[in-house]
Amino acid sequence: RTDLGDRVASFVAMAVLTVVIIALARWRKVPISFLPDRFSVSYVVFTCLFAAFLISTPLVTQDASPSSVFLLLYSGIVVPVFEETLFRGVLWNYLSDVFHRQLTVYVVVTVLFALWHLGYVDTLAFHTGASGDRLANIMMWKSVTGLCFGVVLGALRLKTRNCYSTMLLHGALNVFAG
(Lines give C-alpha, C1' and ligand atoms only; values in the text may rest on other atoms or scores of the structure.)
Protein backbone atom coordinates (compact mmCIF):
# COMPACT_ATOMS: atom_id res chain seq x y z
CA ARG A 1 0.00 0.00 0.00
CA THR A 2 1.37 3.37 -1.01
CA ASP A 3 0.22 6.95 -0.69
CA LEU A 4 -0.07 7.30 -4.46
CA GLY A 5 -1.85 3.94 -4.76
CA ASP A 6 -4.44 5.04 -2.21
CA ARG A 7 -5.05 8.28 -4.05
CA VAL A 8 -5.33 6.56 -7.44
CA ALA A 9 -7.88 4.11 -6.02
CA SER A 10 -9.83 6.95 -4.42
CA PHE A 11 -9.63 9.00 -7.64
CA VAL A 12 -11.10 6.14 -9.68
CA ALA A 13 -13.73 5.33 -7.04
CA MET A 14 -14.90 8.95 -6.80
CA ALA A 15 -15.01 9.34 -10.58
CA VAL A 16 -17.07 6.15 -10.97
CA LEU A 17 -19.34 7.03 -8.04
CA THR A 18 -19.97 10.49 -9.49
CA VAL A 19 -21.24 8.89 -12.69
CA VAL A 20 -23.36 6.43 -10.66
CA ILE A 21 -24.82 9.24 -8.52
CA ILE A 22 -25.72 11.27 -11.60
CA ALA A 23 -27.30 8.21 -13.26
CA LEU A 24 -29.31 7.35 -10.12
CA ALA A 25 -30.44 10.96 -9.75
CA ARG A 26 -31.69 11.01 -13.33
CA TRP A 27 -33.38 7.63 -12.90
CA ARG A 28 -35.10 8.84 -9.70
CA LYS A 29 -35.83 12.23 -11.35
CA VAL A 30 -33.92 14.17 -8.69
CA PRO A 31 -32.47 17.34 -10.22
CA ILE A 32 -28.81 18.07 -9.60
CA SER A 33 -28.79 21.84 -10.26
CA PHE A 34 -25.32 21.41 -11.65
CA LEU A 35 -25.09 24.55 -13.75
CA PRO A 36 -26.52 28.02 -13.10
CA ASP A 37 -29.72 29.06 -14.87
CA ARG A 38 -27.71 31.75 -16.64
CA PHE A 39 -23.95 31.44 -17.16
CA SER A 40 -23.08 35.07 -16.44
CA VAL A 41 -19.78 36.87 -16.83
CA SER A 42 -18.97 36.26 -13.16
CA TYR A 43 -19.12 32.48 -13.70
CA VAL A 44 -16.75 32.78 -16.65
CA VAL A 45 -14.38 34.99 -14.65
CA PHE A 46 -14.38 32.70 -11.59
CA THR A 47 -13.93 29.61 -13.78
CA CYS A 48 -10.93 31.24 -15.47
CA LEU A 49 -9.50 32.34 -12.11
CA PHE A 50 -9.86 28.82 -10.74
CA ALA A 51 -8.20 27.35 -13.84
CA ALA A 52 -5.34 29.85 -13.53
CA PHE A 53 -4.99 29.03 -9.82
CA LEU A 54 -4.91 25.30 -10.58
CA ILE A 55 -2.41 25.65 -13.41
CA SER A 56 -0.12 28.03 -11.52
CA THR A 57 0.02 25.96 -8.32
CA PRO A 58 2.87 23.69 -9.51
CA LEU A 59 4.82 26.81 -10.51
CA VAL A 60 4.23 28.52 -7.17
CA THR A 61 5.04 25.40 -5.13
CA GLN A 62 7.93 24.55 -7.48
CA ASP A 63 6.71 20.96 -7.56
CA ALA A 64 5.50 19.70 -10.92
CA SER A 65 6.22 16.05 -10.16
CA PRO A 66 3.64 13.61 -11.57
CA SER A 67 2.42 12.66 -8.08
CA SER A 68 1.96 16.32 -7.06
CA VAL A 69 0.09 17.17 -10.26
CA PHE A 70 -2.06 14.06 -9.80
CA LEU A 71 -2.82 15.10 -6.19
CA LEU A 72 -3.67 18.59 -7.41
CA LEU A 73 -6.17 17.21 -9.96
CA TYR A 74 -7.56 14.79 -7.39
CA SER A 75 -8.07 17.33 -4.60
CA GLY A 76 -8.88 20.31 -6.83
CA ILE A 77 -11.27 18.67 -9.31
CA VAL A 78 -12.30 15.07 -8.59
CA VAL A 79 -13.09 15.41 -4.87
CA PRO A 80 -15.05 18.69 -5.28
CA VAL A 81 -17.05 17.38 -8.25
CA PHE A 82 -17.89 14.18 -6.36
CA GLU A 83 -18.73 15.75 -3.00
CA GLU A 84 -20.60 18.74 -4.43
CA THR A 85 -22.63 16.59 -6.82
CA LEU A 86 -23.54 14.36 -3.88
CA PHE A 87 -24.16 16.95 -1.15
CA ARG A 88 -25.10 20.27 -2.70
CA GLY A 89 -26.48 18.72 -5.89
CA VAL A 90 -28.50 15.53 -5.47
CA LEU A 91 -28.91 15.46 -1.67
CA TRP A 92 -29.75 19.19 -1.50
CA ASN A 93 -32.49 18.87 -4.12
CA TYR A 94 -33.85 15.64 -2.67
CA LEU A 95 -34.06 17.17 0.81
CA SER A 96 -35.67 20.31 -0.63
CA ASP A 97 -38.67 18.15 -1.50
CA VAL A 98 -38.65 16.60 1.98
CA PHE A 99 -38.23 19.74 4.12
CA HIS A 100 -39.52 22.51 1.82
CA ARG A 101 -37.40 25.10 3.69
CA GLN A 102 -34.00 25.94 2.24
CA LEU A 103 -32.57 26.87 5.64
CA THR A 104 -33.41 23.40 6.99
CA VAL A 105 -31.85 21.78 3.91
CA TYR A 106 -28.77 23.97 4.36
CA VAL A 107 -28.32 22.90 8.01
CA VAL A 108 -28.93 19.18 7.36
CA VAL A 109 -26.59 19.04 4.35
CA THR A 110 -23.91 20.99 6.25
CA VAL A 111 -24.04 18.58 9.20
CA LEU A 112 -23.98 15.54 6.88
CA PHE A 113 -21.01 17.02 5.03
CA ALA A 114 -19.12 17.46 8.31
CA LEU A 115 -19.93 13.88 9.37
CA TRP A 116 -18.90 12.61 5.93
CA HIS A 117 -15.34 13.69 6.68
CA LEU A 118 -15.15 11.14 9.50
CA GLY A 119 -15.10 8.54 6.72
CA TYR A 120 -11.57 9.57 5.84
CA VAL A 121 -10.28 8.01 9.08
CA ASP A 122 -8.55 5.07 7.39
CA THR A 123 -6.76 7.29 4.89
CA LEU A 124 -5.66 9.71 7.59
CA ALA A 125 -4.47 6.87 9.81
CA PHE A 126 -2.41 5.47 6.94
CA HIS A 127 -0.97 8.80 5.76
CA THR A 128 -0.15 10.19 9.20
CA GLY A 129 0.58 6.97 11.06
CA ALA A 130 -1.65 8.32 13.83
CA SER A 131 -3.65 6.13 16.17
CA GLY A 132 -5.59 6.41 19.39
CA ASP A 133 -5.97 9.89 20.87
CA ARG A 134 -3.91 11.54 18.14
CA LEU A 135 -6.10 10.04 15.41
CA ALA A 136 -9.26 11.02 17.32
CA ASN A 137 -7.94 14.58 17.55
CA ILE A 138 -7.14 14.65 13.82
CA MET A 139 -10.62 13.33 13.00
CA MET A 140 -12.27 15.89 15.26
CA TRP A 141 -10.45 18.69 13.43
CA LYS A 142 -11.22 17.08 10.06
CA SER A 143 -14.92 17.22 10.98
CA VAL A 144 -14.65 20.81 12.20
CA THR A 145 -12.96 21.73 8.91
CA GLY A 146 -15.73 19.89 7.02
CA LEU A 147 -18.31 21.81 9.02
CA CYS A 148 -16.63 25.16 8.28
CA PHE A 149 -16.30 24.30 4.58
CA GLY A 150 -19.92 23.13 4.64
CA VAL A 151 -21.16 26.39 6.15
CA VAL A 152 -19.40 28.45 3.46
CA LEU A 153 -20.25 26.12 0.57
CA GLY A 154 -23.87 25.81 1.71
CA ALA A 155 -24.23 29.58 1.90
CA LEU A 156 -22.91 29.84 -1.65
CA ARG A 157 -25.34 27.11 -2.74
CA LEU A 158 -28.21 29.02 -1.12
CA LYS A 159 -27.22 32.19 -2.97
CA THR A 160 -26.47 30.73 -6.41
CA ARG A 161 -28.93 27.79 -6.42
CA ASN A 162 -26.40 25.55 -8.20
CA CYS A 163 -23.49 23.34 -7.30
CA TYR A 164 -21.15 24.50 -10.08
CA SER A 165 -20.26 27.53 -8.00
CA THR A 166 -19.63 25.36 -4.95
CA MET A 167 -17.41 23.02 -7.00
CA LEU A 168 -15.21 25.97 -7.98
CA LEU A 169 -14.91 27.21 -4.41
CA HIS A 170 -14.47 23.71 -2.98
CA GLY A 171 -11.69 23.04 -5.49
CA ALA A 172 -9.94 26.29 -4.64
CA LEU A 173 -10.22 25.63 -0.89
CA ASN A 174 -8.84 22.10 -1.30
CA VAL A 175 -5.89 23.29 -3.40
CA PHE A 176 -5.15 26.12 -1.01
CA ALA A 177 -5.45 23.84 2.05
CA GLY A 178 -3.37 21.09 0.44
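Table for the structure above
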read-out	value
The chain - accessible surface per residue (Å², probe 1.4 Å)	58 Å²
FRET efficiency, 1/(1 + (r/R0)^6) with R0 30 Å, evaluated for Leu115 and Asp37 via beta carbons	0.45
Per-residue [θ]222 nm for the chain (sum of -39500 (n - 2.57) over DSSP H runs n ≥ 4, rounded to 500)	-24500 deg cm²/dmol
Whole-Hz ³J(HN,Hα) from phi, Karplus 6.51 cos²θ - 1.76 cosθ + 1.60, for the range 42-53, glycine and proline x	4, 5, 5, 4, 5, 5, 5, 4, 5, 4, 5, 4
Within the accessible area of the range 1-60 (1.4 Å probe), percent carbon and sulfur	75 percent
Sites Val69 and Leu49 - FRET efficiency at Förster radius 22 Å, r taken between beta-carbons, to 0.05	0.70
12 Å reach of a label modelled at Ile22, 7 Å along Cα-to-Cβ, counting backbone N of the range 86-106	86
Calculated from backbone phi, Karplus (6.51, -1.76, 1.60) coupling profile of the range 54-66 in Hz, x at Gly/Pro	5, 5, 7, 4, x, 6, 5, 7, 6, 9, 10, 5, x
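The values are calculated or read from the model by the stated rules, or taken from the named source; none is laboratory data. Quick caveat, the model's predicted, so the values are computed rather than measured. Cβ sites come from the backbone with ideal geometry, for glycine too, and all protein chains shown count toward neighbours. These accessible areas exclude ligands, DNA and RNA; they are computed on the full protein's heavy atoms, side chains included. Shrake-Rupley method; radii C 1.70, N 1.55, O 1.52, S 1.80 Å.
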